[in-house]
Structure formats: C-alpha cells, structure tokens
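Student: My structure is below; once you've seen it, I'll send some questions.
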Number of protein chains: 2
Amino acid sequence: MSYARAVTATRPRPNRGEAGAALVVAARRLFAEQGYRATTTRQIAAEAGVSHALLRYHFSSKEGLRDAVDEDVLGSFGQAVGTAVEEGVAPGTLAEAGRATALVFGADPDRRRYLRRVLVDGDDRSSALLGRLVTGAENEIDRLVTDPDSLSAEDRRWAAYQVLFLILGPLLLEPSLEVVLGGDPFEPSVLAARSAANQRLLQRGLFDPR
Amino acid sequence: MSYARAVTATRPRPNRGEAGAALVVAARRLFAEQGYRATTTRQIAAEAGVSHALLRYHFSSKEGLRDAVDEDVLGSFGQAVGTAVEEGVAPGTLAEAGRATALVFGADPDRRRYLRRVLVDGDDRSSALLGRLVTGAENEIDRLVTDPDSLSAEDRRWAAYQVLFLILGPLLLEPSLEVVLGGDPFEPSVLAARSAANQRLLQRGLFDPR
DNA sequence: TCCCTTCCTGTCCATATGGACAGGAAGGGT
DNA sequence: ACCCTTCCTGTCCATATGGACAGGAAGGGA
C-alpha cells in the first residue's frame, strides 16, 4: 500500500475497555512467544475472544497494538527496576544486582520474553532499550567499583557491558537454554545459583582460590 | 497446505552449479540481515540474478535453501573453531579464547549475523548449536581452571555459561550494540579491547587492584 | 421516543508469498 | 538428425494477511 487513498480515519482510542486490555494481554503473550511478524491479528483476536476487526478500532493497526504492548511491558519494566534500586537501600554490594535481576526478570514470563524480543529485533526500540540498560549498568559500576586503581579506564568502560552480558545472556538465549539446561533457566533456585556464580566471578574471577 | 496432493517430485539436486551457489550466498546475506521469515524467495532470486522458480528446482523449497545455508555457515563455523583450537598449541592461557573468538566471529559479517539468527530463532537448530557451544566452553573451563579449589562444583558448572555469555553477548546484540557504541562492535581494535577486558575479568574479577 | 456516541462484528478486498507446472535452451551421446 | 538430461524461465494458483467499511447493539441524555 504505497499510494494515498481515502480511508476512514481511525485514531487510536485513548480509553480502552475490557476488550482493549484483553487484546494487549493476548498480543503480549503471542508476540513474546512467536514474535511480532509471525503473529497474526486474527490469532490475537481469537485469543482475546473478540473480532479481529476490533483491533483496528482500538489500536488503528497491528503496529499500534505493538506500541500499546511496548508501553505496558517497558513501563512495568522501568517500574520494576526502580523498585529494585530502591530496595537496595544499603548499596555497595553486588547482592543487590542479583535481587534486582530476580525481581525484574522473574516476575512474568510473558513480559520477560517480550523484553527478549524487543532486544533481539534489532530495530530502534532495541537500541533505545539497550541504551537505557547500558546507562544503568554504567551507573552501577561507578557506584560499586570505587577503587580507581582496580580497573583501567578502558576496562571500566567494558565492565558495564560485561555485567550486562552476564545478566542478559540467559534472557536472550532462554528458549535454547531451557533445552540445554533441561529446565527453566529462570526457576528461582537456578536463577539464585547463577546470580551467586556471577557475583563470585565479578568479585574474584575464575582462578583465585578461595 | 495440509492435505496430500499430486505434485511434481523435486528432490534436492546434490550438485548445484553457479546459480545454486549464488542463491546460497544471497540467502545467507538476506536471512542474516532480515531473518528467515522476513525474506522472500523473490528477494533472494533477484539478488542472485535468477528466476525465483529456480530456487525450487535446486532446493525443493525455501526451507531446503535454509538447510543449505545452515550447512554452509555451521560447517565453516565448526572449521573455524577447529582451526582456532589447533592454533592454541600452547594451551593454558586465555589468550587463546580471545584469538579463537576473533577468528570465528571476525571473518565474515554475513556468516556472523547468520549465526546470530540461528541462536536467536529459538528452534531446534538454536539449541543444537548452543549445546555444541556449551560443550566446547565446558571443555575449555576444565582445561584452563586446573586448581580444584578455585571454584565450587556449582560455580564451575556456571563458568562455562559465563564465558559463553561474555562472548555471545556482543554477537546477539550486535545491531543495537552498534548503535549504542556508535561503531562496529567487531571492528578489530574494539574486539581486541573487549577480549582483553574479558580476560582480566575472568582472571581477577572487577575489584582486585592491580 | 429520538438521536448520538461508543463499542463491536461480519464481510469484503488488495496484496504478498511460497509453491506448482509447462515448456524452452543447451549440450552431449548415438 | 534425434533424443535425453540438465538447467532455467514465465506464468499461474491457493492461501494468508492486514486492513477497510457498512452496519448493528447498547446505553444515556434530551
């Protein structure tokens, strides 16, 4: 559809009711599970129990619906990060980072997997999210690594990315990781063991004997 | 297409000529850039300079073509890993891991990005590849971390994944990372700095002053 | 009662896409 | 000259998909 055409104007309805919310929930799950492109508007509507034409009424288009899901997921994500940071009242330990991760990623599988899709899609939304994450990680590093001699400027620069990759790795690889591990990578006990191992790596590396 | 139908038998031609190779190259690039689903057979044929019907002749179907690309990329990947491992004649240092990474990921952007797609797709091919990578990393860890006291059994188990996440992170996030870094994450000097930082992290953690 | 807004459905449409198929050109063997 | 195999193209087809649109039900205000 590249040429202009007279179409019925359909701006997004700001106040959606039950059906609108159901569409967002269904889309969140299906986008997270199958990806945006592989999910059809009819699938979403069927799962939400409404006609697929209603999607256009509430959200103008499939993309409009994705925007709504983005808002939902990225909003609650930001909120969870905020909560986690606040909880770490006594900063200075890496345990906080572990707790924060659990809080943010453990909660809702759909939201977690949707986040994965956003990061993996490789579009503007991905780099925007990654940018936020990098900034957050850089602040953490500056706050935690206080000794100016423990890292060169270059290594300090990469430290934020290293922490991020350790945390995001399981998120990005979740589906295959589940197969390789033979179980849910975000099951609380698994997540705890992984976080502990991460803390010890960041603390002492792999070779330092206890 | 769920019901049986009489169709012309078209088994994959084992010996493809120039055109077949051109199709593989084009598909490799386009799948890597846009993903399998988002790439149309007509796009591939156009880039290869042949009719889109030829695809079916040589590869039976779009999936058949993907199988051929898989073989190409995963084959050359396995070979590169082999070379890198052989090159590390004097094992025991982590420098080897750095060189191996460069060799494997630095070579061909198309192949690198295709590898990313395979890992991110989340299907059987993903878990198979990840399984191979985990096994390789576990062997490296066993070979490099000889002191039985430096890691608990649990931490040792996770060490392979940690190393993997540090290496795969930039691969999985390449498109957004390029935006955030403001440059190619696999440019040799960037890769070298990152590898060096990784080695120091694995050696001493983030907090140990030099 | 009449109208207006809001929410929703059934249905039609244009397009994109993977695949099916008939046939043609080229080259080699007999 | 004739045929057979290999490689390739033009073209048709069924289907899936996002979107467009007309109209209907419900509820509330006048």
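The values are calculated or read from the model by the stated rules, or taken from the named source; none is laboratory data. All of these numbers come straight from a predicted model, not from anything done at the bench. Every residue, glycine among them, receives a Cβ derived from its backbone with ideal geometry; neighbour counts consider all protein chains shown. Surface areas here come from the heavy atoms of the whole protein model, side chains and all, with no ligands, DNA or RNA. Shrake-Rupley method; radii C 1.70, N 1.55, O 1.52, S 1.80 Å.
Student: Condition first: of a type outside the set (D, E, K, R), in contact with a Gly (Cβ under 9 Å, 6 or more places away or on another chain), open to solvent by 10 Å² or more (accessible area, probe 1.4 Å) and without any contact (Cβ under 8 Å) to a residue 40 or more places away in the chain. Can you find one or more residues in the stretch A:124-145 that meet it?
Tutor: Scanning the stretch A:124-145, I find no residue that is of a type outside the set (D, E, K, R), in contact with a Gly (Cβ under 9 Å, 6 or more places away or on another chain), open to solvent by 10 Å² or more (accessible area, probe 1.4 Å) and without any contact (Cβ under 8 Å) to a residue 40 or more places away in the chain, so the answer is no.
Student: I would also like to ask the following. Quick one: would you say B:Gly92 is at pLDDT 90 or above and at positive phi?
Tutor: It is false that B:Gly92 is at pLDDT 90 or above and at positive phi.
One line per residue, one yes/no per condition, for (1) modelled with pLDDT of 60 or more; (2) over 10 Å from the mean Cα position of the chain (by Cα); (3) over 19 Å from A:Ile141 (Cβ atoms); (4) surrounded by 15 or more Cβ atoms within 10 Å (Cβ to Cβ):
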site: A:Asp72; (1), (2), (3), (4): yes, yes, yes, yes
site: A:Ala80; (1), (2), (3), (4): yes, yes, yes, yes
site: A:Thr101; (1), (2), (3), (4): yes, yes, no, yes
site: A:Ala107; (1), (2), (3), (4): yes, yes, yes, no
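Student: Next question. Report, by residue number, each residue of the stretch B:35-77 that is away from DNA strand D (no atom under 14 Å from the Cβ), assigned to a helix (DSSP H, G or I) and touching a residue at least 24 places away in the same chain (Cβ under 8 Å).
Tutor: B:Gly64, B:Arg66, B:Val69, B:Asp70, B:Asp72, B:Val73, B:Leu74, B:Ser76, B:Phe77, listed by residue number.
Student: Among the candidates B:Ser176, B:Ser152, single out the residue that is over 21 Å from the mean Cα position of the chain (by Cα) and within 9 Å of chain A (Cβ to nearest Cβ).
Tutor: That would be B:Ser152, the only listed residue that is over 21 Å from the mean Cα position of the chain (by Cα) and within 9 Å of chain A (Cβ to nearest Cβ).
Student: Would the stretch B:187-209 turn up any residue that is facing chain A (nearest Cβ under 8 Å) and of a type in the set (Ser, Thr, Tyr)? Even if it seems obvious, please write down each step before you answer.
Tutor: Taking the stretch B:187-209 and keeping what is facing chain A (nearest Cβ under 8 Å), we get B:193-194, B:196-198, B:200-209.
Then keep just the ones that are of a type in the set (Ser, Thr, Tyr); that gives none.
No: the stretch B:187-209 contains no residue that is facing chain A (nearest Cβ under 8 Å) and of a type in the set (Ser, Thr, Tyr).
Student: Separate question: Out of all the residues in the stretch B:43-70, which are open to solvent by less than 50 Å² (accessible area, probe 1.4 Å) and among the acidic types (Asp, Glu)?
Tutor: Answer for the stretch B:43-70, where residues must be open to solvent by less than 50 Å² (accessible area, probe 1.4 Å) and among the acidic types (Asp, Glu): just B:Asp70.
Student: Still on this model: Hey, could you check the stretch A:19-34 for residues that are away from every other protein chain (no Cβ under 14 Å), small (Gly, Ala, Ser) and surrounded by 15 or more Cβ atoms within 10 Å (Cβ to Cβ) and say which is farthest from DNA strand D (Cβ to nearest atom)?
Tutor: A:Ala22
Student: Residues of the stretch A:163-174 being open to solvent by less than 10 Å² (accessible area, probe 1.4 Å) and touching a residue at least 40 places away in the same chain (Cβ under 8 Å), which ones?
Tutor: A:Leu168, A:Leu171, A:Leu172, A:Glu174, listed by residue number.
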